[in-house]
1. Given the structure, is residue 221 out of contact with any strand residue (DSSP E or B) (no Cβ under 7 Å at 6 or more places or on another chain), surrounded by 10 or more Cβ atoms within 10 Å (Cβ to Cβ) and modelled with pLDDT under 50?
2. Please name all residue pairs, on different chains or six or more residues apart, with Cβ atoms under 7 Å, provided the first residue is in segment 254-269 and is within 19 Å of residue 296 (Cα to Cα) and the second residue is exposed (fewer than 11 other Cβ atoms within 10 Å of the Cβ).
3. For residue 255, which of the numbered conditions (1) outside any strand (DSSP E or B); (2) touching a strand residue (DSSP E or B) at 6+ places or on another chain (Cβ under 7 Å); (3) surrounded by 14 or more Cβ atoms within 10 Å (Cβ to Cβ) fails to hold?
């Protein structure tokens with residue numbers, strides 16, 4: 001086996017990574033589908049490696065794991081294959097890093113500019129509020145009291161009001177009866193006794209016995225009786241999730257992003273960054289599964 005590795009590396013020492021992988025695979029009469037089943041790497045990613053289409057591949061840290069797995073499946077030396085990948089892809093990733101740095105600088109400049117404008121607006125509003133409350137405001141008051149009216153003199157004398165005497169009120173004679181008052185005695189008789197008997201008081205309410213409340217059974221964890229899987233990324237992480245016997249699904253999770261899955265019996269995971277995710281099965285924390293940047297395959301989760 002070591003002789004075969006040395007032969008392949010010497011034969012393709014001047015080849016690119018994609019040519020080395022393709023020709024070695026064809027020499028061993030293996031298809032991309034067989035390599036994908038063996039390495040658990042998506043077939044389109046394997047094809048992108050052979051075509052050196054780095055733009056359609058995940059982040060560089062994950063592609064390194066792909067290169068090692070692909071080289072191991074073909075019997076090639078992993079370190080030499082990784083070195084060939086770094087040499088082949090250096091131009092692409094250098095341009096990508098420069099573009100990302102330029103975008104980051106542009107975003108930072110735009111953020112500072114927006115912050116400066118916000119500061120100007122805040123200062124303007126603060127100054128306006130201070131001036132509004134500190135400047136004296138004068139309000140004109142209208143006198144409510146009116147001057148007393150004075151009568152003008154007539155021929156040098158004050159005009160006097162002439163009061164006419166009121167007509168006399170005729171009093172009508174009141175006739176007084178000459179009859180003497182009659183003394184009458186009024187006898188007060190007590191009211192007859194009432195035949196109404198007082199109604200008896202209502203009986204006191206009897207205490208109602210309290211029955212013990214049966215405890216409500218707790219609901220079992222999970223998603224409707226199935227296995228619930230939650231993957232939360234703390235770092236940029238590429239994952240492949242296979243639920244039961246279904247086809248595997250992959251996802252590239254950004255920091256803080258969560259992904260949930262459902263299964264009946266088990267999960268089979270591939271983690272591109274073992275320390276970059278927090279995994280919970282039915283709410284229970286799983287792991288740890290490895291170190292930062294480490295690619296871990298065939299992680300089986302069962303209840």
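The values are calculated or read from the model by the stated rules, or taken from the named source; none is laboratory data. In this text the structure is predicted, and so the values were computed from the model without any measurement. Reconstructed Cβ throughout: ideal geometry from the backbone, glycine too, with neighbour counts over all protein chains shown.
1. Details: out of contact with any strand residue (DSSP E or B) (no Cβ under 7 Å at 6 or more places or on another chain): yes; surrounded by 10 or more Cβ atoms within 10 Å (Cβ to Cβ): yes; modelled with pLDDT under 50: yes.
Yes; evaluated as a whole, the condition is true for this residue.
2. Correct list of pairs: 266/300; 266/302; 268/298; 268/300.
3. Of everything listed in (1) outside any strand (DSSP E or B); (2) touching a strand residue (DSSP E or B) at 6+ places or on another chain (Cβ under 7 Å); (3) surrounded by 14 or more Cβ atoms within 10 Å (Cβ to Cβ), residue 255 misses just condition (3).
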